[in-house]
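Reviewing the structure listed below.
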Amino acid sequence: MIGLSIPLARKMLAVVLLLAGTGTTTLAADSSNDALPEPGPARKVTIPVAQDKTLPNGLRIVVANRAVTPLVSVALFLRSGAEVDPPKLAGLSDLTAGLLDKGTAKRSAPQIAEAADALGGSLGGGAGFDNSQVSITVTTPKLGAALDLLADVVRHATFAQEEIDRERKQMLDNLRLALSQPGSVARFVAARAVYGDGAYGHSAGGTPASLPRIRRADIVKLHEAYFRPDNAVLVFAGDIDLDHAAQAAKQSFGDWKAPAAPLPQAPAGQGKSSLASTTLAIDIPGTGQAAVSAVHRGIAREAKDYYAGVVADAVLGGSYSARLNEEIRIKRGLSYGAGSSLETRRQAGSFGGSAQTKNSSAVEVVGLLLGEFDQLGTTPPPADELSARKATLSGNFGFTLETTRGLLGEVAGLAVYGLPLDELAHYLDKVQAVSAEQVRDFARANLGKDGRSIIVAGDAQQFAAALGKAYPAMERLSAAALDLDSPTLKPTSKK
Amino acid sequence: MLRRLLICLGLGAMVLASAHASDVLSIPPIAFKQRTLGNGLQVIGIEDHTSPTVAVQVWYHVGSKDDPAGRSGFAHLFEHLMFKSTKRLKAEQFDRLTEDVGGHNNASTNDDFTNYFEAVPSNHLQRLLWAEAERMANLNVIDENFKSERAVVEEELRQRVLASPYGRLFNAVPKDAYLVHPYKRPGIGSIEELEAASLEDVIAFHSTFYRPDYATLIVSGDFDPAQLDRWVDAYFGPLPKPATPIPHVTAVEPAWDKDRRYSEHGSNVPLPAVVLAWLSPPARDADDVALSVAAALLSNGDSSRLHQALVYRQQIAQRVNFSSDGQADNGLITSFAILASGHKPEEAEQAILAEVKTLATTPIAAAELDKIKTKIVTQALAGRETAEGKAFAVGSAVLLKGDAGTVNSDLVALQAVTADDVQRVLKKYVLDAHRVTIDYTQQADKSGDAPAKGAAK
């Protein structure tokens, strides 16, 4: 977020997780001031229960009650998102979702904004991969009115040309900002490197070339095809129970009808990648740091070894104390923060690590990332380290459930993928059940050399020569010339 | 930049209920108890057994404004070092005591204060209290850790300032705006001044400022109050109150006597930006609450005036913001816009000024005032959902307003803010005051200054 009020923090605020190190502390039995006291007996965490109900029109309602604060978060999720963007129309799903609150048959865009603010919330719509959503958080007494507003924008958006042009221009400007920053440039490139020409490889926020191609008819067509009750989940979290939620949902969405046409088949998310097993230096002249990442194909959300992946990610780089940050930041001072990322989508996923470092350290950081990948795939993590990382995962899970928006996110993550809602109650056990050998095996299978792509985006004159020497298959590209619509990132020969 | 500590605290002033009885939403006040130990340590407890977790925070009343001469960035560098070794704790042992048992920790440095905060399963409270007392009394950083952490801070500087399109602008705002107050020095510092810092500086800073009579301990969540008192007495009670005086910043920023304009540049600025700045009253001033309402009317939410005018109707800005940063001394009221492509800073500047003038001089509908109060109260509630959120709200009230009770009384005060109040403060602090304007554009030579400075090591 750009703002004037960025705190200087010890840790990057984006990285919320934690863990590594020996986990050993000297414990003393008494309360003498000389020694660290022992922990007391632990109190059990209470996990909210999520319940659901399906309306006759096919709309599924999911409710997670936590009546601590008089707040409710509600979101309408579609089980489809940017992966359904037609090949030349990257950004269509995101643009469509972003336009929902920009005018309906009853209300203009300013009137919708006014109404949402007057309820104390704000409507935000957008599409990621596998989902599109629009959500609002309000105090409990405002829920009925908020749901009416939500239903109006989801069902009756008008997609006026003037609003399309305005939204498109804003998306293009957002892209310009993203393309000037090493971290986001590296992420654009990583998506192509992993998913290639598959639907997950393109830019969900569109590209400078694709956005101008999108016409109103494309938006209307996408809205008609996918915004339907049998492709949607209405998720509530906070101070609300299932009966009240279902009743309110019936009022606002009960007469929403699914079209006769079947839901279109989703395109393949994973494609062929010509950038797998390559090393890419992406030049952003003059930028003060390099974004370094190394990525691999991973697993889908429903994979059997999902929890092994979650724990492997926690050990490798899911937190401040995890291995990547330990090696790159804590031991060597090479970055403000290094971490790993396990991406698990409906059809496919990715696993890798990243850090930002001064341009001249980029090659050293690549080596450290790869070294930790290899180590984790070779040797099972020691028991104390593993239990510490699991504690971190479990603790974070508990803290996430303490806010309505956090709770909503966890529940929606299950609902969108059609996973059992009681997974919420089993999360802690499933994390605990992962063994050190399973972590090693997961790392061996998903962090190996085969197909690995190394990406460094920064001021290439300061690192490209050394990078090419260390990784001879290196290719150098200019960020300004990247063609995000092309699976190779280079303009295709014919226009 | 680097003004307020936490975004969730920014609106420390909140409303209890909207004006119409039908809309009334009661927000229970945050119930806290406070006492002061014999050595001067202020202790605040906020009991909340909703979850089996507890937040522990130590807020030191020293911040970037206290950076030693020639050592800009030092208070922040020092904050990082508080996670290194002490007499009885190894480096990074705070992570063992928090992350390894299902908790988390972090710290941040503001102009006026530095806060260290953890949240852990509540059966670990005693350990955290022991450890916070330990690093207040017995920090023992070794040279190797000092150097590696300084390198981390230099990377933080590169990431925030040099590799972020608007980082140089945010860094320049206080430098350009303030005439004399030490707020003018960037909290993140410079590579040169960070490099000049030594281990001796660390020791001197700790003994000067890290002391019980210059700190506020806040514990929020699942604890037994009597037990908390015993543990606090046992671990913090014996710490001596140093006899040495605490140096205080005494500089007072004079009222600006003319408008000033600056041009700043970055090496990767895809869209130009502009910042307008005025001096705000200190956070404890009664006008702070009305100013926060004025700022919210201008830029909190999609229906806010600046968003509607610049982003929606005129489409000259990609984003726009207006905020009033209440600080211990005179802070800044700032408005910031990133231009939409094809537009120039002057366009946003004129549009912002026009909207501020309209708000300050033409009638404000009651419904609009109600809307913004509902919005603010809802955001306040969301910020106070957790024990940790409550602790931040109270800490901010103590450090910026000098009174924990303002965490609740500001809600009442905000409730009472009228359209006349909004217009009066806008005229006083903005329309009738002098301003600093900063234009931010791409520098002509794209090669940048970053490599020469940033990659020397």
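Quick notes
- No other residue among A:ALA300, A:ALA314, A:ALA308, A:ALA391 is closer than 30 Å to A:ALA415 by Cβ and in a loop (DSSP other than H, G, I, E, B) apart from A:ALA300.
Rundown of residues vs (1) among the charged types (D, E, K, R); (2) more than 27 Å from A:VAL431 (Cβ to Cβ), yes/no style:
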{"position": "A:ALA260", "(1), (2)": "no, yes"}
{"position": "A:ALA290", "(1), (2)": "no, yes"}
{"position": "A:GLY298", "(1), (2)": "no, no"}
{"position": "A:ALA303", "(1), (2)": "no, no"}
{"position": "A:GLY309", "(1), (2)": "no, no"}
{"position": "A:LEU316", "(1), (2)": "no, no"}
{"position": "A:GLU326", "(1), (2)": "yes, no"}
{"position": "A:ILE330", "(1), (2)": "no, no"}
{"position": "A:SER341", "(1), (2)": "no, no"}
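- Entirely in the stretch A:127-203, the helices (runs of 4 or more DSSP H) that have 3 or more residues that are farther than 30 Å from A:GLN270 by Cα and more than 9 Å from every other protein chain (Cβ to nearest Cβ): A:143-156, A:161-178
- Take the conditions (1) at pLDDT below 95; (2) not in a helix (DSSP H, G or I); A:ALA480 misses just one of them, which is (2).
- Residues that are in contact with an Asp or Glu (Cβ under 7 Å, 6 or more places away or on another chain), in a strand (DSSP E or B) and surrounded by 14 or more Cβ atoms within 10 Å (Cβ to Cβ), drawn from the stretch B:232-263: B:TYR262
- Counted residues, the stretch A:204-219 - those being in a helix (DSSP H, G or I) and either crowded, with 16+ Cβ neighbours inside 10 Å or touching a helix residue (DSSP H, G or I) at 6+ places or on another chain (Cβ under 9 Å) (or both): 6
- Scope the stretch A:52-72; condition within 14 Å of another protein chain (Cβ to nearest Cβ) and among the basic types (Lys, Arg); matching residues: A:ARG66
- Residue in the stretch B:348-369 that is of a type in the set (Ser, Thr, Tyr) and farther than 23 Å from B:ILE438 by Cα present: yes
- Restricting the stretch A:48-77 to residues that are in a loop (DSSP other than H, G, I, E, B) and among the aliphatic types (A, V, I, L, M), the residue that is surrounded by the most Cβ atoms within 10 Å (Cβ to Cβ): A:LEU59
- Taking first residues from the stretch B:100-126 that are under 29 Å from B:ILE188 (Cβ atoms) and more than 7 Å from chain A (Cβ to nearest Cβ) and partners that are assigned to a strand (DSSP E or B) and among the charged types (D, E, K, R), the Cβ contacts under 7 Å between residues at least 6 apart in sequence or on separate chains come to B:ASN105/B:GLU118.
- Any hit, the stretch A:38-47, residues being more than 10 Å from chain B (Cβ to nearest Cβ) and either among the acidic types (Asp, Glu) or crowded, with 17+ Cβ neighbours inside 10 Å (or both): yes
Rundown of residues vs (1) at pLDDT 95 or above; (2) within 13 Å of chain A (Cβ to nearest Cβ), yes/no style:
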{"position": "B:ILE364", "(1), (2)": "yes, no"}
{"position": "B:ALA367", "(1), (2)": "yes, yes"}
{"position": "B:GLN379", "(1), (2)": "no, yes"}
{"position": "B:ALA387", "(1), (2)": "yes, yes"}
{"position": "B:ALA413", "(1), (2)": "no, no"}
{"position": "B:ASP432", "(1), (2)": "yes, no"}
{"position": "B:ARG435", "(1), (2)": "yes, no"}
{"position": "B:GLN443", "(1), (2)": "no, yes"}
{"position": "B:ALA452", "(1), (2)": "no, yes"}
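- Filtered residue count, the stretch A:78-111, keeping only those that are in contact with a Ser or Thr (Cβ under 7 Å, 6 or more places away or on another chain) and either hydrophobic (A, V, I, L, M, F, W, C) or within 14 Å of another protein chain (Cβ to nearest Cβ) (or both): 9
- Residue within the stretch B:111-131 that is in contact with a Phe, Trp or Tyr (Cβ under 8 Å, 6 or more places away or on another chain), of a type in the set (S, T, N, Q) and not in a helix (DSSP H, G or I) present: yes
- Of all residues in the stretch A:374-388, those that are in a helix (DSSP H, G or I) and either within 26 Å of B:THR98 (Cβ to Cβ) or within 12 Å of chain B (Cβ to nearest Cβ) (or both) total 8.
- Residue within the stretch A:365-373 that is surrounded by 21 or more Cβ atoms within 10 Å (Cβ to Cβ), over 30 Å from A:ASP459 (Cα atoms) and within 14 Å of another protein chain (Cβ to nearest Cβ) present: no
- Qualifying positions in the stretch A:314-355 - basic (Lys, Arg) and farther than 12 Å from A:LEU368 by Cα: A:ARG345, A:ARG346
- For B:VAL232, the test of being more than 30 Å from A:ALA35 (Cα to Cα) and either touching a residue at least 24 places away in the same chain (Cβ under 8 Å) or over 20 Å from the mean Cα position of the chain (by Cα) (or both) is failed.
- Selection from the stretch B:293-303 of residues that are more than 7 Å from chain A (Cβ to nearest Cβ) and in contact (Cβ under 8 Å) with a residue 60 or more places away in the chain: B:VAL293, B:ALA294, B:ALA296, B:LEU297, B:LEU298, B:ASN300
- Per-region count, the stretch A:220-258, residues touching a helix residue (DSSP H, G or I) at 6+ places or on another chain (Cβ under 7 Å) and without any contact (Cβ under 8 Å) to a residue 60 or more places away in the chain: 0
- Residue list for the stretch A:83-123, filter: hydrophobic (A, V, I, L, M, F, W, C) and part of a helix (DSSP H, G or I): A:VAL84, A:LEU92, A:LEU95, A:ALA97, A:LEU99, A:ALA109, A:ILE112, A:ALA113, A:ALA115, A:ALA116, A:ALA118
- Among the residues examined, B:VAL153 does not qualify as among the aliphatic types (A, V, I, L, M), facing chain A (nearest Cβ under 10 Å), free of Cβ contacts under 8 Å to residues at least 60 places away in the same chain and buried (at least 22 other Cβ atoms within 10 Å of the Cβ).
- When residues in the stretch B:26-77 are screened for being part of a loop (DSSP other than H, G, I, E, B), among the hydroxyl-bearing types (Ser, Thr, Tyr) and within 30 Å of B:ALA204 (Cα to Cα), 1 of them pass.
- Of B:ASN145, B:ASN140, all but one fail to be more than 10 Å from chain A (Cβ to nearest Cβ) and at pLDDT below 95; the exception is B:ASN140.
- Among the residues of the stretch A:450-474, the ones that are within 14 Å of chain B (Cβ to nearest Cβ) and assigned to a strand (DSSP E or B) come to 3 in all.
- Selection status of B:PHE146, within 24 Å of the chain's Cα centre (by Cα) and touching a residue at least 24 places away in the same chain (Cβ under 8 Å): no
The rows are residues; the columns are (1) surrounded by fewer than 20 Cβ atoms within 10 Å (Cβ to Cβ); (2) touching a helix residue (DSSP H, G or I) at 6+ places or on another chain (Cβ under 7 Å).
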| position | (1), (2) |
| --- | --- |
| A:THR403 | no, no |
| A:ALA412 | no, no |
| A:ALA415 | no, no |
| A:GLN432 | yes, yes |
| A:GLN438 | yes, yes |
| A:LEU447 | no, yes |
| A:ASP483 | yes, no |
| A:PRO491 | yes, no |
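The values are calculated or read from the model by the stated rules, or taken from the named source; none is laboratory data. This one's a predicted model, so the numbers in the text were calculated from it and none came from an experiment. A quick note on method: Cβ atoms are made from the backbone with ideal geometry, for glycine too, and the neighbour counts reach across all protein chains shown.
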